[in-house]
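Single-structure report; data block below.
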Amino acid sequence: MILGLHIAIGKLPETPMPARVADARVGYFSTTLQDFGDDLARSPRQRYVNRWRLEKKDPSAAVSEPVKPITFWIDRTIPLKYRDAISKGVLGWNPAFERAGFKNAVVVKVQPDDADFDTLDTDTASIRWMTNAQPFFGAIGPSQVDPRSGEILDADIGLESLSSRSVRTLRSQVLAGKQGIDWPTLMQSHDAKAPGLAEPEHAHHAFCQHADFAAEQLTYAFDVLDARGELEPSSPEAQQFVLDYLTDVTMHEVGHTLGLRHNFRSSTIYTAAQLKDPAFTQKNGVVGSVMDYPPCHRKMERAGIVGEATY
């Protein structure tokens, strides 16, 4: 077994970013600070939202480029055929930042093959391709923050290669209907966590299952369409389906690295009548947030595969 250990140490900013008080009604990850300097405060515990430091180049402009954009590096381990789809998922956040007054707030760069820096360095946000023998996590979006203010300083998203290569193995897991899984033991064991199997609610703080469930939806849709004779697994439409899966997962994980938690309530934003309208769902999708876990029908429409829902 060959192991690699990367240790990266960086200095905190000389001047902490102005903190923003967290509100439990808004879905941000937060940083807790114990402030014992005010003995009149109701509690010494202060909670701040996790966010990047964005400052306008032109403070007087309604929309301005930032002094320092949020830059994600596509690691050289990312396969060439997937880089455009992954970049699209990162840049998909720019329209949201424009509504907040920032143009080109998020930037994507590709790490050169002969680069003399590692994307795991503390000042380099990255998206990396992680290869392992068995599927385990699908995708993860961790970040590091300044404990004084909640400023996000670094993020390193990991995409698992097997999430798109071996999703068809989920058929046996879905059809088998495994029950009674001892999740605490499974999480601590050396065996890989099987993607697509639902975890208990208390496990959601540690794992993002978006990529796992998206892969399950992808597999199920492929199997149904293949059985109907409506889609060849090696067709351009099927390949676009996989690319859109990667775009969707990337956008979701980038959202985590921007400080956003899951937003499962967005599944209730549309009425049943709207969800039954193909024209409406093709334009708006079936959920109100990329931080939700959308079913495969949304991805099918994005790939140009429309018809009856297959979930």
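Residues in the stretch 72-107 that are out of contact with any helix residue (DSSP H, G or I) (no Cβ under 6 Å at 6 or more places or on another chain), among the charged types (D, E, K, R) and surrounded by fewer than 19 Cβ atoms within 10 Å (Cβ to Cβ): ARG76, LYS81, ARG83, ASP84, GLU98, ARG99, LYS103. Scanning the stretch 46-71 for residues that are open to solvent by 20 Å² or more (accessible area, probe 1.4 Å), within 25 Å of VAL110 (Cβ to Cβ) and not polar (S, T, N, Q) yields TRP52, ARG53, LEU54, LYS57, GLU65, VAL67, LYS68, PRO69. Consider the stretch 197-216 and keep the residues that are modelled with pLDDT under 70 and part of a loop (DSSP other than H, G, I, E, B). The one that is surrounded by the most Cβ atoms within 10 Å (Cβ to Cβ) is LEU197. Kindly establish whether VAL63 is modelled with pLDDT of 95 or more and closer than 26 Å to LEU243 by Cα. No; evaluated as a whole, the condition is false for this residue. Within the stretch 132-158, being assigned to a loop (DSSP other than H, G, I, E, B), open to solvent by less than 50 Å² (accessible area, probe 1.4 Å) and under 16 Å from TRP73 (Cα atoms) holds for one residue alone: GLY141. Filtering ARG25, ARG53, ARG47, ARG83 for residues that are under 25 Å from the mean Cα position of the chain (by Cα) and touching a residue at least 60 places away in the same chain (Cβ under 8 Å) leaves a single hit, ARG53. Here THR119 meets the list (1) free of Cβ contacts under 8 Å to residues at least 60 places away in the same chain; (2) out of contact with any Lys or Arg (no Cβ under 7 Å at 6 or more places or on another chain); (3) open to solvent by less than 50 Å² (accessible area, probe 1.4 Å) almost entirely, failing just condition (2). At pLDDT below 95, in contact with a Lys or Arg (Cβ under 8 Å, 6 or more places away or on another chain) and more than 30 Å from ASP244 (Cβ to Cβ): is that true of THR32 in this structure? Yes.
Pairing residues of the stretch 267-285 that are of a type in the set (S, T, N, Q) with residues that are open to solvent by less than 70 Å² (accessible area, probe 1.4 Å) and at pLDDT below 85, at Cβ distances under 8 Å and at least 6 apart in sequence or on separate chains, gives THR281/HIS297; THR281/ARG298; THR281/GLU301; GLN282/GLU301.
Inspection of the stretch 37-45 identifies at least one residue that is over 25 Å from THR122 (Cα atoms), exposed (fewer than 11 other Cβ atoms within 10 Å of the Cβ) and aliphatic (A, V, I, L, M).
Taken over the stretch 1-22, the residue count meeting the criterion of being aliphatic (A, V, I, L, M) and either farther than 23 Å from ASP156 by Cα or touching a residue at least 60 places away in the same chain (Cβ under 8 Å) (or both) is 8.
One residue stands out among those in the stretch 11-34 that are open to solvent by 100 Å² or more (accessible area, probe 1.4 Å) and charged (D, E, K, R): the one that is nearest to ARG45 (Cα to Cα), which is ARG20.
The values are calculated or read from the model by the stated rules, or taken from the named source; none is laboratory data. Everything numeric here is computed off the predicted structure, so don't read it as measured data. Counting neighbours? That spans all protein chains shown, and the Cβs are built from the backbone with ideal geometry, glycine included. Heavy atoms of the whole protein, side chains included, go into the accessibility calculation; ligands, DNA and RNA do not. Shrake-Rupley method; radii C 1.70, N 1.55, O 1.52, S 1.80 Å.
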